[in-house]
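The structure appears right after this line, and notes come after that.
The values are calculated or read from the model by the stated rules, or taken from the named source; none is laboratory data. No experiment lies behind these values; they were computed from the predicted model shown. For neighbour counting, all protein chains shown are included, and Cβ atoms are generated from backbone atoms with ideal geometry for every residue, glycine included.
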Amino acid sequence: MPRWRSSSSEPGGFRPAAGGHRRGGAWLAAVAGLALLVLPWGCLLSTREDEGAGGTEGAVWRDPSSLGIALGNMKRALEATPKNMTNYGRSFSGAHFEMVLDEADRSELGHDDFETWDASLEEQRMNGILNATEATLKVYWTARDSVDISPTVQYYKDLSYRLEFREASRSVNYSGKVDLYFEDNGAGLWYITRWVDKRDGSPNRTWGWLRARNQVEF
């Protein structure tokens, strides 16, 4: 779960030596001036990135003992070079996984590939999409609090995501929101059981659309 922390710091405990008041004042003024230069580009209050969601350490897999770690495993698997689609597939429950398209996407596509879906098909579909392009991929989640439905079921409501595919001369973003459901496997580890995809009001296509079209569309 994201935790808030303040990144501001204040110099404390500074006492000028006898006769050094003027020099100490000048030093403090210099520090204050530097702070004024830095602050416009900084942020005094920021969220810590979702637990385990940062970095692209290739094949690194962490036991998903929290939802944030589960998101981190997905991010690293998709961004790795080469891709680690085994770890991507492991993020979903092998017992049951349901993929739900945004209604507007379903209507526009005119079909729904996901009425029968599982973790294996999800892995295969994303693996085919990524193998068919030489573009690099960056995955962004917007960290937020999860919701407890029961002791063994948790989910993110309207979790924002963005996929950025980039080649030398072109790029494309896919983005949306997802109600993302996780279940505890009985050993304190969390796996995705349901993905309810939604458009986010931007011109970008959704992750569900990407899956349905089975290719990156620049």
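Take L210 and tell me if it is assigned to a strand (DSSP E or B) and touching a strand residue (DSSP E or B) at 6+ places or on another chain (Cβ under 7 Å). So L210 fails the test.
Restricting region 135-186 to residues that are without any contact (Cβ under 8 Å) to a residue 24 or more places away in the chain and surrounded by 16 or more Cβ atoms within 10 Å (Cβ to Cβ), which is nearest to G208 (Cα to Cα)? Filtering region 135-186 for residues that are without any contact (Cβ under 8 Å) to a residue 24 or more places away in the chain and surrounded by 16 or more Cβ atoms within 10 Å (Cβ to Cβ), the one nearest to G208 (Cα to Cα) comes out as K177. Might you let me know whether region 94-112 holds any residue that is on the phi > 0 side of the Ramachandran plot and either not β-branched (V, I, T) or not assigned by TED's automatic domain parsing to the domain that holds G201 (or both)? Yes, some residue in region 94-112 is on the phi > 0 side of the Ramachandran plot and either not β-branched (V, I, T) or not assigned by TED's automatic domain parsing to the domain that holds G201 (or both). Within this structure, R194 passes the test of being in the same structural domain as A77 (by TED's automatic domain parsing) and more than 15 Å from the chain's Cα centre (by Cα).
Restricting region 72-111 to residues that are among the hydroxyl-bearing types (S, T, Y) and free of Cβ contacts under 8 Å to residues at least 60 places away in the same chain leaves a set whose member that is nearest to T133 (Cα to Cα) is T81.
Residues of region 195-218 that are among the acidic types (D, E) and touching a residue at least 60 places away in the same chain (Cβ under 8 Å): D197 alone.
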